[in-house]
Each structure stands twice: as C-alpha cells, then as structure tokens.
Amino acid sequence: MKEGTENRRYWCTIEEASGYNGSSPQQGGEFSEPLPTPVKWQMSRRSFLKATGIGGLAVASASCWKVPVRKAIPYLIQPEEVTPGVPVFYSTFYWDGEELATLLVKCREGRPIKVEPHPRAPFGSTSAYVQASLVSLYDASRMRKPIINGEEKDWAETDGHLRQLLAGKRSVRVVTPTLMGGATEALWDEFVAGFEDGRRLTYDVTSASALLDVCEKVKGVRHLPYFHLDRADVLVGVEADFLGTWLAPAHFASLYAKRRHPSNMNVHYQFESLLTLTGANADRRIPIHPFMAEAVLMGLYSRVAQRAGVDAPPPLTLGNSLDLQLDEAAERLWAARPNALVITGLNSVPAQLFALLTNLLVGAEGTTLNLEQGLHLRKGNDQELIDLKRELDNRSVDVLIFYRVNPVYNYVFGDTLAESIKQAKQKGTIIIALTEKLHETAALADIAIPISNPYESWKDAQPTNDTYLVGQPVVRPLLGTRQAEDTLLKWMGRETTFYEYLRAWYRKNIAGERGSWLEFEAHWQKNVHDGYRQLSLSTQSKPLVFTPELSALILNSAREASILLEKAGHQCLVLYQKVPIRTGEQANNAWLQELPDPITRTTWGNYIVVGNGTARHLNIRDEQVLELKVLRAAGGSYQVRLPALVQPGVPENVLGVAVGYGRTGIGKVAEAVGQNAYPCGGWLSFGGKAYIDWRTSAVEVKPTSDKESIARVQTHHFAEGRPVVKETTLEEFRHNPWAGNEDRRHWLEKTKGKRTTIYPQREFLKHEWGMVIDLSLCIGCGACVAACNNENNVPPVGKKEVLRRHDMHWIRIDRYYSGNIDNPDVIFQPMLCQHCDHAPCENVCPVAATAQSTEGINQMAYNRCIGTRYCANNCPYKVRRFNWYDYTGADSFPLNERILPDGPFDSELARLVLNPDVVVRSRGVMEKCTFCIQRIQQAKLQAKMDNRPLQPGEVTTACQQACPTNAITFGDVKNEKETVVKKMKDEEGRLFFVLEELHTLPSVGYLVKVRNRPAQQQTDKQAHI
Amino acid sequence: MASYISLRGVSRYVLGVAIVLGGGTATHSQQADPKTIEQGKQLFQTNCVACHKINEDFLGPALAGVTERRSREWLYAWIRNSDSLLMAGDPTAVELDKKYPARMTPFTFLTREDIDAILIYIEAEAKGEVTVAAAPPPAEKAPPPAEEHKETLHGLPFRAPALPGWVLPALVTLYLVVAMGLIARWNRKVDQLLDQEQEPPSMPTWMWLVTNRFVVAGMFVVLVVVGCGWLYEAGANLGHSVGYAPKQPIEFSHKVHAGQLGIECTHCHSGALRGKHAGIPSLRVCMNCHQAVRTSEVVLASGTTGTQEIEKLIGYWQRGEPIGWVRVFSLPDHVYFNHAQHVVVAGIECTECHGDVARMNVMTKPFRISMGFCLECHRTRQVKMDNMYYQAVLSAHIRETGGKVPTVAQIGGQDCQNCHY
C-alpha cells in the first residue's frame, strides 16, 4: 500500500470515519439550527404601508444623532519615548511558574497591546498560553486592595500591621512557585532567613520532582537537563507532551521544528496513552496503557544496555507488537548515537531513571542532553508539601505564606490541605496569601495581599546556567497593586524597592563589583534593553558510574515498573493539560477558553476523554454524561460528572480528564466552566518519598442518561472528502519530490502551467502578498490563533455561541485524521482566508464590500458590508466570520450586545488590550483574515519614511511571527529575494493550493506533509496494532 | 526603560530634511546664495522662530548682528548645547542666562552646516536681502476638471456629477409637472369629445387642479422627489460638521502663533512627522515659550486678550491639569489615517486638509472631509517618485508605460483596505 494522499481518506470525527454523510443527528446536521421554512405571510396594503413608514422613520431617527463632542487631552509632560500613535517595544519575559518566554511587548501610549516573541533571546518562542496572556493583565477580577480578616485595608496600615505581626515569629513557611531569578530567590531567602525557623518551599503544579531527584542521584546535580531536540536524529517520547504542555513547549517546538523539514528530518517515536499534540506529530505513535510507561522505558533501557554491553534487568514482556516496536526504537536509538534522545514527562522515578540512563548510554550527554547547561524551569520537591501538611497538623507553623501558588485548587490533595489550613488557622497559625486574585487558597487566608501581574513587575530569571534574563515592567501597576518583592522589602523594614535590590544584586553577581558607576549603568541598560545576557558555563557534573547505590536504584525501579505494569490491564484515569488552558492559572482568560484544543478541537470546558474501544465496550456515546468516581489514596473518594468525548487513538481502559477547570473566585469567565479534576490525581511513593502522579487506577465509571453538549469547532464545516490536505513519507519523497502531490503535477503538465479562465488575468503593480504554510512544520499548537485574536481584536463569543457555530477566529487549525481508527494519523492544517485572486466571495457581494486590492489581498470593507452572508456561503474554505451579535460593544444599540462577561471587550479596563490600529467590528458585519494589512501598511510607511525599498521579510503577519516552528512564511511574491518565493520555487514538488481545481487562485500555498516513515513495511505493521 | 524606538527618529528626520535641503555642501566661506538662505530660513522657522526674532528681543535676544557679536565656535557650542557652556561657566553664557528668563533648548541634531545656513539667513534677513515671498493664497479646493473623474469604480465607468445636487430633481419635477398637465388637458379633451351631448359640470377652472387625480398624484411625486433630494443632501452632510468651531478651554489663536509668529505647524504638532496622530502638544511644549511670554495685547474673537488666555494656560500648568481641548477634526473609527504618510512621504501641505489655519483666530473645520474629499486627491495626485520605495516598486512599470507617473489611486490609493481595516 502506498502512503500518498491518493489512497488516504481523511475524516474529522468518528461518525465521518464510519461513513458520515453530513446529516448525523450526533453532529447536529449540516446546519446548526433548523432552517426557517418559508412562511405564508399575508399583510394588507395598509399594514404594509404602516410598517414601511414606521421602519423608515425609525431608520431616519436612529441615524440622526447629535455629533458627540470629542475631547483630545494631551499629556501634561509627554514622556520622551512616547509619541501618540507610534508603538514602542520593550523587551521583557513572561514567567508565571508554568511557562517561560522572552518577549518584545508592543506598547501604545503606555499600554501593552501585543506580546511578540523575542527575535534574538533564548526562549524567544511563544505558545498560545503566552500570546493570550495580556488579557490576564487587564483582568478586572484581580485584587486591588489588601484584605485583612475580610476587611479591605490601605497599604500603609497593612504594612504596619504585617511588620508588627511578623516580628518575633519563630516558624515561618513560604510556599512559592519555582523562582528562577538570582535576585528574586536571594530576596525570598533573605526574608525567610530573618526568622528563627524560616523555610521556603517550592511547589510546582506540573512537577518535575522525580527528574530532579534522578539527576541528583545519577549525576550529582539537582536541576533538569537541557534537551537539545534539534540535535536528535532519533527522538523517543514516552508519555511526554513536550510540544504541547511539558516544561517549555514553545521552546521545545522551535528546536523540534529544526529537524522536521524533509531535508534534515529526525524520526520521532511516541509511546503514549492519550492522544497528545506531541503524539499527533510523531512519525510513529504507539498507544500504550499509562501504567505501561515505566515498563516501556525499562524495555528501552535494557535493550540499549544490552547493545552497550552493560548489565541491566531483563525487559518485561509487553506483548508481541509492542515488543517489536521497542526493538525497533532501541535499535534506531543505538544506531543514531550520540544523536538520540529519550524523553518522558512522567513524574515517576523509575520512568525518569530509565530515560536518563538510556540517554547516557547512547552518549547523548553533551549532544542532545546537556546537564551543564541545565534547565531551571522546575525546582519543586513534592515531598515538601506533604511535610508542610504534617507540620500544619502538628501546629508547629506560626506563619504560612503562599506566594503566587494556589495548592488548595491545583494540588492533588488540595482539599485535605485546605482542611489542615482551616484547622491550623483556628489554632493560631496565620495564613497570608500574596496573590493576584482572591482564588481558592487566598479565600482561606487571614490576610490576602494583592500583587502585580508579571507585566507590571521587575523580575529576573536564569532558565539555564548560561542565560540570565532581566524583565522590565511594561506598564505601571494598573490597579494600585504592588509587586510581591516590594511588599516583602517593606515588611522586612527595608527602605528600598525591588528595582534597586535587583540592580544591586546584578552589580554584585553579574556585572561584577569593579568598574565605575557609568560602566555598570551601561552594562545594566544594555541588559534591560536586550532582555537577556549570555553567561559562561562553570558547573561540572560527574560522569556516569554504576555505583552500588545506582545499581540498587535500578533494581528497585525495575521492581516498581513490574508492579505498575500489573495495573495496566485495569481501567485507568489520566489527568492531562489542555494546550490552551494548561494548569488553569489563566482560566479567566476568554481568549484561551475559546481557543480550541488542537486534538479534540473543543472550547470551553473539560470532559472525559474515552477511547473508541472503551466507548464501544462500555456502550458510551459521545456527549453522554458520565459519573467518574475516584477512590483516593488518602481515603475517601472524589467524583466528577462530565460529558464523554469519544476520541480515536486512545487505547482501551484509558480515560482522560483535563485539569485547569472548575475554578472559583477568579472571575466570570472561569466560573462554571468544567469541573476540577486535580483531586483525581494521586501520588507515587518511591524510596520513601512521594511524587505527584496524575494517573490513577482506582476509578469507577457510571454512565448516566444525561447529555451535555461539548463546544467543538471541527464539526462546524465538512471537507466532504475533498483532498484539502496532502502527505507523503520521507522515503517516497526522497525518490520523488512530487510524492503525495502527483495529482497537481499531472494537472500542471496537462495545462502546461497555463490557467484557463474566463476572468481577466490580474496584474499587481507594487506587491503581491502571498503565504506558504509548511504542513511538515505545523504542529497545530494554536499560537497563531491566539496571536491573531490579539492582533486583530477578534472577540470571544462564549460556549453557547460556539455551539451555534458562531465562533469568530480568523485563522483556525483544522485537524484531520486518517488511517486506523484506533490509532489514526493526525494532520494539522492552518486555514485562513486564502486571498484568492478569483475570489468566489467577491462575485456574490451585492454591495462590493469585498474586493481584490491592487496588492493581491482580498479586502473586506466592514463599513460597507450589509450582512447578506452570501460571501460566507460562497467561500469554499469557510473562513469568513459573521458578527451575529454585537460581541465587541461597537454597535449603536446596546440591545444587540452579547459581550462575554469578563472577556477582553467587557470593561474599559479589559478593552485596553485591543489593537487601536484595527477597527472593532459591530453586529451584522462579515469579517475575516486581512493578511494583517495594518502591519503591511506600517512596514511600507516605514520604508517610505526611511526613503528606502521595502526589504524582504520586513512584513510579518501576527500568525507567522507567533509560530514557534516557523511553519508560516509570508512575503511579497513579486520580490525574488523573499523567502516565500524561494520556498515556492525550491519546494515546488511539495507546493499545493487547497481546492486548486476550483480555480480560485489562492495566495496561500501549502507544502505537503512528510512523515519520516519507511513507507511500506511500517504501514503494514501499524495496521496490526 | 530602554526602548527600541526613541527620539532618534525625529532628529534623523530633521537631519534628513536639513541634508536634502542643503545638499550638504554649505560651508563657512560660502556666499549668501539664495539656496543657502532658503535652507537657513527653513531651519530658522522650524527651530528658532518660537523664541527668536531677527530685529527685536523676544524670548531670546534679537539675532541681527549675532555673527559679529560672537565667535563662530562659541555659536556652534551655544546653539548645540547651551547647558554645557553654562556648566563650564562661560561668562557670555552666564550673562545671557541672567538676562533672559528662558534657557535655550539644546539643538544637538543641528550640524555645523545647518548652523552656518541659519546664520547666513539671519545676516541676509537683517540686511533686508531676503525677498519676502507672497503669502500663499488661501487654500480653496478648486474643483478639478471634469475629465479627471474618468476613473473606474469596480470596473464600471464612474462619473461624478458636475451639476449642483438640486438640479436633477428639479428637472425631473418640472418634466413631471408638464407631463401631468398635458395628460390632464388631453384627458379633458377626450372627455369632452365623448360626452359632447352632456353639459360640462360648472365649476371654477382652478378646481380641476384639486380634483384631478393626475395633478394630485403629480404634486405628490414632486413632494417626494424634492423631499428625497433634500434628505440626501442633508444626510450627506450629516456628521461632517463643516464650519464646526467649538469653544475651546483656552482661546488659542492659530492666527497669532502660526500666522503672525510664523511658527511651523510641526513645531507643536510634531507627531505628524512620526506617525498616525499629529497630536496636540503637551502642556510642557506650550510652557517652553510661555514660561517667559506672559503678556499679549492681541484681542481675540470673544473679546478677551492674549494675556488673559495665557493666564488660563499658566493656571493649568500650576494645577498640573491637562487641558481638555475639543477635537475639531475627527475621522470615524473605521477610517485609518496616517499623518506621516501624507506629510512626510507625500509632502502635502497641512493647509490642504486643515484650511488656512494661519488666518484662523478660532480653529474652524473648513471642508467636508468625506471619503470623496480623500479620493478626489488620491485620483489626481501623482506619486512622489523621488522616494526610493516608490522607485523600487514602480520604476519598471513607468518605463513600460512610457514614463507616465501614476496617480495615487492607480497604485492602490483607492483600495478599500488602504484606509479601512
């Protein structure tokens, strides 16, 4: 069987896979609502005249409104760097304990309106989570004033009270997320050192405690290794969603993508239970039961050790096909040494140990794995929180401070911790929360102190040993808050600000004490301006020696792996993070809530992911509400009631629920969306220590008769079996550059490149804008969608409206499955306005509101549009979006408003995030992608003002800029020097246009996806699983 | 905070202007040729005129004869950075600082050549060698010739009506009335022929006007047509508020500042050189001069004097209160307009859209700034081909078409998303 597009059938849903014809009741049919049937409408002549008269009068009176007096209030003293209307870019970084990204923040008149990945600094890639983070800055539900015992106080009173309260306290515990910055850490440590028994605990929601312990035991350093994904020829992932959610997904994606172009392609094996974004991109995805993961890693280790001539426990038998897969993966890992890498995201010592040892045996250290460089994104030790609970129960803590953490909500034993906190409070322990919001933990605290958003704070970070980042605030505190470090300094009785503290620390530790004040100032200014500084490496880790301790650890791990494997036959629940929502920290961010998960393509809320096999087996239907009861290790049980989502590619007996939902107290968007799944998790003990584990086998499922709709966007349109995506395998591609794209080649040969048309040939005078999207590089992460929303003021509409197919995204990432329904191949395709030269939408517009521009852009004049929606109907790509209601508050009639409460259009504060260069559309108007016309115009103007030609690559669209993998290329097709032209020429064999046979002449080309898969034999094997 | 964009842009622009205008060759020994004088005049009006006059003391001393009073080197140092001379304790500088209350702004971006040009201009002006150019005629929008309108709109020939709006409805009405009358008369005749035996009913002749349904219908049609015509006219003017001259919190007179004092528009509205908004100057900019200028004998439109208005300004400054000016020019939200494109790139005079501000005591909106107003200019104005950007993208096309420079509309000035996005 050939692997090309020709033989493939693509499908979006299980119904479609089994012959869906567009009218399944499950999907709601072709139309989201019943069509209005023609009504016999009888009206007398008089009634008609009356209606006409009243209508005419209403229109006339509504349009006659007094012209409002507009004020123009200039600055009193205009800041030097601010010119109204001209943006200023500041370098800074984002870090909220979950994800790190170095950024350039675009500010207009002093307010940040867009985050852009830093073009030069390390970690200069953004995920959707970071792209949408400005909404969380302008969140009106943030705390504004300190609350002491339920009463709002002012800052002076609070500081006085706290100084008094903290004086003479003995035992103080501070719980922080991972702090990476030298100065930040130094300050917190200084603070706790001021008490007789002060200690700082690090709590990570997504813990890497096991990996830290393993690195410490094996290599003697307690930090994570840096993963050079770009150097790995063979990459094996085991339960690790490193492209979607694990550690630094956007950064990993940028490294991964360097090896996904067919000219220099790695091979990626992924063993996993739930279908993750990473698994969807793997060349070979092997579904496993989650409790098999340790055994799989041990199998890899044993096989590699055997080849390396090292004694190792024999591999566990996992069944014929899986053993074969492991043989193959191990063989390729060994053959590719030292450019091979195994990654697992599990917080389990055996898993991490076997992964690290395998990496060390293939000689990955120094190539694909770097412990000297290190990675400091997680520092937490899971045992610490367990110890804290014990201390609270023993009443040995005087003051407990939570800084930027919310364990009551997102700790697997949050509810028991909450009990302990409540009891400790009664017995005199003082609970203080330094927090942006009055969230679940802060609600229990005696004292809740508001802190500033990361964008309002000075901060520093050392993500790797050779990188130091300084993050400047990009806006003054909007709500009268203070950054936590400043508050801390006040409580310590220091008359300095954190800015000065940071500078002093920087001078001492980074710039060096020597040198004049002026030299230091230059050093500092440069670092703040650039946002980063490269440091030299000094740490040394010890070589791998199989000490008796290590051998014992391996034996213990092997035993643990076989114990866990016993659970592999049973029902198991896995908690996971959805790519947009992640841990739920930003759950009140409407743009993130409405960003579809790349795999399930769902918005707004969580659900129970059920494999296709399990669904058949338990007779569960899609969207049927299930009751999930988890028996907990600490006793008792926890129950969630959520709809089922039947997901292809999930093996039998596996259920999944996303964390990050079911929030309380943090705002209207987050409330009543999904249910909290954190308490479903448990822990794994190993070597006398406990590790947070998001797998549990003590789970019961009870189907109910209820049904709850899931707001899916992939079901809104149907490709109807037309070939809109194309793919091939690397082997075939090497033999034939046109592999997978043969139909286009034949067509081109037949037509000799001439395009037969009755339309006049368009000629473009200055520029002709075009885009090429490489489907091999697109991993489907959705960063482009989030960036587009922010750049173009795209409104979120809410779950109810999404269910009615009223979502407004200008770019969407379509996900298609193909092949085996139990382990499908996944392909992602960003779909945006194709800017056709012969656009079907233009012909049908009765008012010429959409027309071709002189630069090849299909333009949309909102103020001309009368909302017939003919264009959307006639668009073969289904990329036009209609404003069914006033989602943005731009309409004249408040009656039409359907603004999402707490969304980015809701309040004066929230609206500060909007791009002032892009108009906010009102009800009854069609809209769609503009190729970021505002950016094109700005770049052209800059060139004209500088009196120079426009440079190639000077115009970037928001989606292109945000893409961590550089899958999107944009530019002037008329300019030979543009990368987009080079791509179109050099990769002609892979280039295709969607529905080219319609002769719409799109401006957006796609490059065929290439999978690194030895074509024939592997495919056959795949079918056996 | 470090920024990627700084004030450098402005100074670069000013420098650029200076270099382009001066050809970069003006030197010491150069004679007062008209080109240098013109360059000096430009620079003087952009940078100096706010504080200096040639023949009389203003905020700063009268500049006539300054080249004889001071050495060149001293002048270079003083003009480019007066603070450094003061800090160094230069006796002349200290003396000047004592004598004049406003300290001179540093002009670090002026090159020696620029300063030379300014000085040459000052000398020439003091000697009366500069010929006074006639004041530009009031910018009135002369309607362009009708054939200029032969543009296409969405592929259809489009011709803007050259007649006044009321003519067409009036003609139609006239035609209808005449037609009605004729039909009515003909009708009567037919009736008479048919009913010759019967006596025509006796009623006054004018009564047929009221009773004849054709006449009544005709009247109705006339009313509707005239009404619609009027509604159309009124509707088209709606929101354009031509002649809008709101009362401002301070009765600022452009006539005094831009007219009599000859201060360049962009001296205060400097944003026009950099981006989207021309901007209203911050209070600090006003106070640059008004720290010293506290009196003015000018009598303004409402009868107050300049002194009274300056007092108001000082009041705002002392209270630290920004002034809430009322916007006179305001485009709807769905229009994107960038001043820099028009002022810097196209080199359009401010007066073309804002009217002859230099003669306005009270700022008044002079034109109906509608889409037609914009397009009229886009359709007639040729692209500035001395810009390298336009050269790069258009020179091949111009060669092919025999050297005809395209208009703005022909290269996309009529695209919807040129202004609406």
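The values are calculated or read from the model by the stated rules, or taken from the named source; none is laboratory data. This is a predicted model, so every value here is computed, not measured. Because the Cβ atoms are built from the backbone with ideal geometry, glycine has one as well, and the counts that use them run over all protein chains shown.
Take A:Y269 and decide whether it is part of a helix (DSSP H, G or I), touching a residue at least 40 places away in the same chain (Cβ under 8 Å) and buried (at least 22 other Cβ atoms within 10 Å of the Cβ).
Working: part of a helix (DSSP H, G or I): no; touching a residue at least 40 places away in the same chain (Cβ under 8 Å): yes; buried (at least 22 other Cβ atoms within 10 Å of the Cβ): yes.
Taking the combined requirement at face value, the residue does not satisfy it.
Could you go through the range A:671-678 and let me know if any residue there is out of contact with any Lys or Arg (no Cβ under 6 Å at 6 or more places or on another chain), among the charged types (D, E, K, R) and surrounded by fewer than 24 Cβ atoms within 10 Å (Cβ to Cβ). Please lay out each step first, then the result.
First, pick out the residues of the range A:671-678 that are out of contact with any Lys or Arg (no Cβ under 6 Å at 6 or more places or on another chain): A:671-678.
The next check asks that each one be among the charged types (D, E, K, R); those that pass are A:671.
Now narrow it down to the ones that are surrounded by fewer than 24 Cβ atoms within 10 Å (Cβ to Cβ): A:671.
Yes, the conditions are met somewhere in the range A:671-678.
For the range A:926-950, which positions are over 17 Å from A:P87 (Cβ atoms), in a loop (DSSP other than H, G, I, E, B) and facing chain B (nearest Cβ under 10 Å)? So that I can check it myself, show each step before the final result.
As a first pass, look at the range A:926-950 and keep what is over 17 Å from A:P87 (Cβ atoms): A:926-931, A:944, A:947-950.
Now drop any that are not in a loop (DSSP other than H, G, I, E, B), which leaves A:928-931, A:947-950.
Listed by number, the residues that qualify are A:T930, A:F931, A:N947, A:R948, A:P949, A:L950.
The rows are residues; the columns are (1) in a helix (DSSP H, G or I); (2) closer than 24 Å to A:R259 by Cα; (3) out of contact with any Leu (no Cβ under 8 Å at 6 or more places or on another chain).
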{"position": "A:Q306", "(1), (2), (3)": "yes, no, yes"}
{"position": "A:P313", "(1), (2), (3)": "no, no, no"}
{"position": "A:D323", "(1), (2), (3)": "yes, no, yes"}
{"position": "A:A330", "(1), (2), (3)": "yes, yes, no"}
{"position": "A:L353", "(1), (2), (3)": "yes, no, no"}
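Checking A:I899 against (1) closer than 30 Å to A:V994 by Cβ; (2) under 28 Å from the mean Cα position of the chain (by Cα), which test does it fail?
Unmet for A:I899, out of (1) closer than 30 Å to A:V994 by Cβ; (2) under 28 Å from the mean Cα position of the chain (by Cα): (1).
Hey, among the residues in the range A:548-558 that are polar (S, T, N, Q) and under 22 Å from A:R695 (Cβ atoms), which one's surrounded by the most Cβ atoms within 10 Å (Cβ to Cβ)?
The initial filter retains those residues of the range A:548-558 that are polar (S, T, N, Q), namely A:551, A:556-557.
Within this subset, residues satisfying the condition of being under 22 Å from A:R695 (Cβ atoms) are A:556-557.
Working: A:N556: 15, A:S557: 26.
By that ranking, first place goes to A:S557.
Quickly run through the range A:888-917 and pick out the residues that are within 14 Å of another protein chain (Cβ to nearest Cβ) and either more than 22 Å from A:R869 (Cβ to Cβ) or not β-branched (V, I, T) (or both).
First pass over the range A:888-917, keeping only residues within 14 Å of another protein chain (Cβ to nearest Cβ): A:888-892, A:911, A:914-917.
A:G889, A:A890, A:D891, A:S892, A:R911, A:L914, A:N915, A:P916, A:D917, listed by residue number.
When only residues in the range B:371-421 that are more than 10 Å from chain A (Cβ to nearest Cβ) and basic (K, R) count, which is surrounded by the most Cβ atoms within 10 Å (Cβ to Cβ)?
B:R379
Can you give me the number of residues within the range A:487-498 that are closer than 13 Å to A:L162 by Cβ and assigned to a helix (DSSP H, G or I)? Full working, then the answer.
As a first pass, look at the range A:487-498 and keep what is closer than 13 Å to A:L162 by Cβ: A:487-493.
Then keep just the ones that are assigned to a helix (DSSP H, G or I); that gives A:487-491.
The qualifying residues number 5.
Sort out which residues of the range A:903-937 are of a type in the set (D, E) and in contact with a strand residue (DSSP E or B) (Cβ under 9 Å, 6 or more places away or on another chain), and write them in order of number.
To start, the set of residues in the range A:903-937 that are of a type in the set (D, E) comprises A:906, A:908, A:917, A:927.
Result: A:D917, A:E927.
Tell me the residue from A:A587, A:A561 that is buried (at least 17 other Cβ atoms within 10 Å of the Cβ) and assigned to a helix (DSSP H, G or I), please.
Details: A:A587 fails: assigned to a helix (DSSP H, G or I).
So the residue among A:A587, A:A561 that is buried (at least 17 other Cβ atoms within 10 Å of the Cβ) and assigned to a helix (DSSP H, G or I) is A:A561.
Determine which single condition B:G315 fails, assuming it passes every other condition in (1) more than 9 Å from chain A (Cβ to nearest Cβ); (2) of a type outside the set (D, E); (3) buried (at least 17 other Cβ atoms within 10 Å of the Cβ); (4) more than 25 Å from A:Q938 (Cα to Cα).
Failing condition for B:G315: (3).
Find all pairs meeting these conditions: Cβ atoms under 6 angstrom apart; at least six residues apart or on different chains; first residue within the range B:56-69 and over 16 Å from B:K99 (Cα atoms); second residue of a type in the set (V, I, T).
B:A64/B:I54
Counting only residues that are assigned to a helix (DSSP H, G or I) and more than 9 Å from chain A (Cβ to nearest Cβ), which one in the range B:327-356 is surrounded by the most Cβ atoms within 10 Å (Cβ to Cβ)? Explain how you work it out, then say what you get.
Let us first name the residues in the range B:327-356 that are assigned to a helix (DSSP H, G or I), namely B:339-345, B:351-354.
Now narrow it down to the ones that are more than 9 Å from chain A (Cβ to nearest Cβ): B:342-343, B:351-354.
Details: B:H342: 18, B:V343: 20, B:T351: 17, B:E352: 14, B:C353: 20, B:H354: 22.
In this case the residue turns out to be B:H354.
Out of everything in the range A:1-17 that is in a helix (DSSP H, G or I) and farther than 18 Å from A:G649 by Cβ, what residue ends up being modelled with the highest pLDDT?
Keep residues of the range A:1-17 that are in a helix (DSSP H, G or I), which gives A:5-7, A:14-17.
Retained after the next criterion (residues that are farther than 18 Å from A:G649 by Cβ): A:5-7.
Details: A:T5: 48, A:E6: 52, A:N7: 64.
Looking at the filtered set, the residue picked out is A:N7.
Only one of these conditions is not met by B:A258: (1) closer than 20 Å to A:R70 by Cα; (2) more than 10 Å from chain A (Cβ to nearest Cβ). Which number is it?
For B:A258, the failing item is (1).
Kindly check whether there is at least one residue in the range B:241-249 that is more than 20 Å from the chain's Cα centre (by Cα), surrounded by 11 or more Cβ atoms within 10 Å (Cβ to Cβ) and within 12 Å of another protein chain (Cβ to nearest Cβ).
Yes: one or more hits.
Just checking, which of B:G279, B:G271, B:G320 is free of Cβ contacts under 8 Å to residues at least 24 places away in the same chain, crowded, with 17+ Cβ neighbours inside 10 Å and within 14 Å of chain A (Cβ to nearest Cβ)? Reasoning before the result, please.
Values: B:G271 fails: free of Cβ contacts under 8 Å to residues at least 24 places away in the same chain; B:G320 fails: crowded, with 17+ Cβ neighbours inside 10 Å.
B:G279 is the lone residue from the list that is free of Cβ contacts under 8 Å to residues at least 24 places away in the same chain, crowded, with 17+ Cβ neighbours inside 10 Å and within 14 Å of chain A (Cβ to nearest Cβ).
Identify the residue in the range A:223-240 that is in contact with a Leu (Cβ under 6 Å, 6 or more places away or on another chain) and assigned to a loop (DSSP other than H, G, I, E, B) and, among all such residues, is nearest to A:Q960 (Cα to Cα).
Going through the qualifying residues, I end up with A:A232.
May I ask you to say which residue of A:F227, A:F252, A:F242 is under 25 Å from A:S273 (Cα atoms), in contact with a Phe, Trp or Tyr (Cβ under 6 Å, 6 or more places away or on another chain), in contact (Cβ under 8 Å) with a residue 40 or more places away in the chain and of a type in the set (F, W, Y)?
Numbers: A:F227 fails: in contact with a Phe, Trp or Tyr (Cβ under 6 Å, 6 or more places away or on another chain); A:F252 fails: in contact (Cβ under 8 Å) with a residue 40 or more places away in the chain.
So the residue among A:F227, A:F252, A:F242 that is under 25 Å from A:S273 (Cα atoms), in contact with a Phe, Trp or Tyr (Cβ under 6 Å, 6 or more places away or on another chain), in contact (Cβ under 8 Å) with a residue 40 or more places away in the chain and of a type in the set (F, W, Y) is A:F242.
Based on this model, can you work out whether A:A443 counts as among the aliphatic types (A, V, I, L, M), in contact (Cβ under 8 Å) with a residue 60 or more places away in the chain and in a helix (DSSP H, G or I)? Outline the logic, then answer.
Working: among the aliphatic types (A, V, I, L, M): yes; in contact (Cβ under 8 Å) with a residue 60 or more places away in the chain: yes; in a helix (DSSP H, G or I): yes.
Taking the combined requirement at face value, the residue satisfies it.
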